[in-house]
Amino acid sequence: MDGHRERMAAGGEGAPRGGRLFTPGFRAIVASQAFSLLGMEILQFVLPLHLLNLTGSGTLYGAVVAVGFVPYTLLAPVGGVIADRTRKRGVMIALDALLAAMMAGYLALSGSPYLVGVTIAVLMAAFASQALYQPCVQSAMPHVVASDRLEQAVAVTNQLSMVTGIGGPVVGGLVFGFFGLAPIVAASAVCFAVSSVLTAMFVRVPYEPPARTAGLVATVRGDVADALGFLRSRPAMWSIIMAATLVNLFCSSFFNVGSPYIVTESLGLSNQLMGLLQAALALGGLVGGMAVAMRPGRFGIRSTPRLLMAATAGLVAVTAVLLLPVEPLATYVGLAVAYLATMACCMAFSIVATTYLQVESPGTLVGKVMALAMMLANFATPLGQIAYGAVFDLVDPWMVAAVAAIACGMVAARSGRAGIGER
């Protein structure tokens with residue numbers, strides 16, 4: 001057994017033995033993450049919405065959100081290098097403190113005639129910070145929980161992300177609607193500040209400075225090349241990353257683009273019902289995460305093909321519901337059920353894939369491997385959204401759903417052929 005296997009068998013480098021899930025280190029990360037994610041969700045929801053209210057331009061709204069997302073994709077590999085070569089705790093503290101300061105600055109400049117540029121700059125900085133922040137959190141997990149609890153730990157953090165993804169827009173929308181911009185921007189700043197303080201006081205992640213014999217650019221290039229070389233030597237890991245990327249391309253993008261179109265355009269229903277359908281997706285994510293957290297023994301890398309086939313079955317159900325000659329509300333109810341079940345399977349797959357990559361990667365490569373996986377998955381999402389947006393204008397929604405189901409089924413079949421489910 002090599003050194004990496006021995007490290008993982010012992011529960012991770014610096015991780016506690018004995019199989020506890022909520023170790024002090026994990027509790028500290030979860031607490032700080034809760035505030036940081038809530039602040040980020042409020043930021044991403046309120047700032048573009050404020051701009052939309054001022055200008056009335058949907059095109060500008062979409063462009064600002066899209067431009068803000070660019071740094072997240074481009075900086076993900078850099079975030080992986082930083083996570084593996086610096087003190088993760090220090091990076092998390094600094095980034096949350098920076099975001100708190102930026103939100104305070106935004107509030108001071110909210111009356112500026114250059115508000116569009118300021119909003120774009122803040123969103124780009126926020127997404128860039130997440131590209132550096134999340135690999136630190138992901139690569140810290142094997143250090144603070146034992147390896148036999150890592151899958152549950154990933155499930156808990158994913159559920160936390162889903163909860164804040166629901167709570168942030170709800171809280172942000174209510175406060176913004178009733179009290180205006182200042183209180184909700186201040187609340188976002190406070191969330192980041194609290195996260196920074198909690199991390200400084202309670203988060204502890206073991207750290208051994210790696211040797212660096214080259215300049216910064218050469219080091220980043222060399223580290224990313226090392227991660228890619230490692231993945232090429234592990235076909236199963238590479239297959240998992242590609243499966244996650246393709247699921248984002250074919251499945252997640254379908255839900256993101258197809259849901260508003262199907263509900264409001266095809267079925268002619270209200271925006272409120274569209275919001276409830278989004279809630280069904282979020283609830284499905286919570287169900288999938290809870291299933292893994294409560295019954296981790298039933299999941300694992302062997303379950304990947306089955307989970308993807310179950311997601312395919314969900315998309316087939318969506319296709320069938322759209323073909324039924326029933327009233328729009330009946331179609332809507334069927335879609336909500338199918339959406340919830342499909343999202344539960346996708347979330348369970350995401351947790352299994354993330355855990356597998358964390359466990360199988362050497363301690364010096366965890367951050368970079370996770371960052372590369374994030375970069376590819378996030379790059380696939382906007383490509384899928386653009387493609388689906390064009391296709392929905394050309395053919396009936398049931399045909400688009402059928403294509404998504406066929407594509408997802410092909411990903412599941414390829415995962416089975418790659419031997420992932422046999423590991």
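Need one number: convex hull volume per residue for segment 226-422, Cα atoms only, in Å³.
Numbers: hull volume 22.0 nm³, N = 197.
Dividing the Cα hull volume of segment 226-422 by its residues yields 112 Å³.
Please tell me the relative contact order of segment 88-172 in percent, rounded to the nearest whole number, where contacts are Cα pairs under 8 Å and at least six residues apart.
Once divided by the residue count of segment 88-172, the mean separation gives 32 percent.
Taking the chain as a Gaussian network, Cα atoms linked when under 10 Å apart, which of F26, F299, F349 shows the biggest mean-square fluctuation?
Looking only at F26, F299, F349, the biggest GNM fluctuation is shown by F299.
Per DSSP helix of 4 or more residues, -39500 (n - 2.57); summed, then divided by the residues of the chain. What does that give at 222 nm, rounded to the nearest 500?
-27500 deg cm²/dmol
Mind telling me which of S196, S361, S233 comes out most flexible in a GNM of the chain, alpha-carbon contacts under 10 Å?
For the chain, modelled as a Gaussian network with Cα springs under 10 Å, the answer is S233.
Calculate, in nm to one decimal, what A101 and E265 gain on full extension: separation in residues at 0.36 nm each, minus their alpha carbon distance.
Details: separation 164, 0.36 × 164 = 59.04 nm, distance 4.15 nm.
Answer, rounded to one decimal: 54.9 nm.
So what does the Cα-only Debye profile of the chain read at q = 0.07, 0.09, 0.14 Å⁻¹, as log10 I(q)/I(0), no solvent term?
-0.34, -0.57, -1.39
If each residue's Cβ is checked for other Cβ atoms within 10 Å, how do D96, D223, D396 rank with the fewest at the top?
Fewest to most other Cβ atoms nearby, the residues stand as D396, D223, D96.
If you average the sequence gap of Cα pairs under 8 Å that are 6 or more apart and divide by the length of the chain, what percent do you get for the contact order?
26
Could you work out which residue, out of A404, A244, A104, moves most in a Gaussian network model of the chain, that is, has the largest mean-square fluctuation with Cα springs under 10 Å?
Result for the chain, Cα springs under 10 Å: A104 fluctuates most.
Rank the residues E360, E151 as a footprinting-exposure proxy: fewest other Cβ atoms within 10 Å of their Cβ go first.
E360, E151
Kindly provide the Kirkwood hydrodynamic radius of segment 248-365 in Å, to one decimal, from all pairs of distinct alpha carbon atoms.
Computed over segment 248-365, the radius equals 15.2 Å.
Hey, rough spin-label estimate for D396 and S233, points 7 angstrom out along Cα→Cβ, what's it come to in nanometres?
5.3
Rule-based calculations on the coordinates, nothing more; no lab input. The shown structure was predicted, so the numbers you read here are calculated from the model rather than taken from an experiment. Positions of Cβ are backbone-derived with ideal geometry, glycine not excepted, and every protein chain shown enters the neighbour counts.
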